[in-house]
1. Looking at (1) within 24 Å of T126 (Cα to Cα); (2) outside the structural domain of D142 (by TED's automatic domain parsing); (3) of a type in the set (A, V, I, L, M, F, W, C); (4) at pLDDT below 90, find the lone condition where L98 falls short.
2. Considering only residues of the stretch 68-88 that are in a helix (DSSP H, G or I) and at pLDDT 75 or above, which is surrounded by the most Cβ atoms within 10 Å (Cβ to Cβ)?
3. Looking at (1) in a helix (DSSP H, G or I); (2) closer than 22 Å to L128 by Cβ; (3) at pLDDT below 90, find the lone condition where R3 falls short.
4. Take the residues of the stretch 92-140 that are among the hydroxyl-bearing types (S, T, Y) and within 10 Å of the chain's Cα centre (by Cα): which is nearest to L66 (Cα to Cα)?
5. Among the residues of the stretch 19-42, is any at pLDDT 85 or above, within 23 Å of T129 (Cα to Cα) and among the small types (G, A, S)?
6. Restricting attention to the stretch 95-110, which residues are buried (at least 21 other Cβ atoms within 10 Å of the Cβ), assigned to a helix (DSSP H, G or I) and of a type in the set (A, V, I, L, M, F, W, C)?
7. Quick one: L26 ticks every box in (1) touching a residue at least 40 places away in the same chain (Cβ under 8 Å); (2) of a type in the set (A, V, I, L, M, F, W, C); (3) in contact with a Lys or Arg (Cβ under 8 Å, 6 or more places away or on another chain) bar one, so which box is it?
Amino acid sequence: MNRRGPGRARSEQARAAILDAALTLLSEHGYGGLSVERIAERAGVGKQTIYRWWPSKSAILAECVLDGDGAGLVLPLPGSGDIRADLAAWLATAARYLDDPARLGLARGLAAAAAEDERVGTALYTRLTLAARSALEARFADAIASGQLRDGLDAALVADALLGTVMYRILTGDATRAPRLDDLVALID
């Protein structure tokens, strides 16, 4: 993800300060209150330094996630043995996770970064979405094998529907509301 533009090589110290400033400001002001100007001021660098390395604030956030541990954005699916209870718990955990304005802002920033730059979108999909999708599909396969879910269930389609629901809530600002989870989970029957 480290794109180099013209000019001097990146200073690792400046890069680290910029990424740290972006995450700190995100937690303080949310995505809407995050700006390249604020990041530059907090990191003690010029705006031109940031724009030399990143095209936008969302690209900075994407690098924070891609260079780190994923910021805990892939929530593990419980494995109690009851697929319906596990999915309901997973969706409720996602809603609680996104109740934190900084986490919600990060998720929105990542969505913006994916939309702005196809390479970033591909990297985020591979690092985050694919991991969650694969875990859901594997869990559905186990539930089908154990007789909890009907044979012939399209695990990939259901995984996409669940992840799409979470993304919809992130993008619409309705991420923290978790009504009708039982109805959503019932769709897998």
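The values are calculated or read from the model by the stated rules, or taken from the named source; none is laboratory data. Since we're looking at a predicted model, the values are computed, not measured. With ideal geometry, Cβ positions are generated from the backbone for all residues, glycine too; neighbour counts draw on all protein chains shown.
1. Only one criterion is unmet by L98, namely (2).
2. The first filter runs over the stretch 68-88 and keeps only residues in a helix (DSSP H, G or I), leaving 70-72, 83-88.
Remaining after also requiring at pLDDT 75 or above: 83-88.
Working: I83: 21, R84: 16, A85: 12, D86: 18, L87: 25, A88: 18.
Out of the qualifying residues, it is L87.
3. Among (1) in a helix (DSSP H, G or I); (2) closer than 22 Å to L128 by Cβ; (3) at pLDDT below 90, R3 violates only (1).
4. So in the stretch 92-140, the residues among the hydroxyl-bearing types (S, T, Y) come out as 93, 97, 122, 125-126, 129, 134.
This time we only want the ones that are within 10 Å of the chain's Cα centre (by Cα), so: 125, 129.
Values: Y125: 11, T129: 12 Å.
That would be Y125.
5. The answer is yes; a qualifying residue exists.
6. Going residue by residue through the stretch 95-110, those that are buried (at least 21 other Cβ atoms within 10 Å of the Cβ) are 98, 105-110.
Those still in the list that are assigned to a helix (DSSP H, G or I) too: 105-110.
Within the stretch 95-110, L106, A107, L110 qualify.
7. (3)
Conditions tested, residue by residue: (1) within 16 Å of the chain's Cα centre (by Cα); (2) part of a loop (DSSP other than H, G, I, E, B); (3) in contact (Cβ under 8 Å) with a residue 60 or more places away in the chain.
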site: A14; (1), (2), (3): no, no, no
site: L34; (1), (2), (3): no, yes, yes
site: E41; (1), (2), (3): no, no, no
site: A59; (1), (2), (3): yes, no, yes
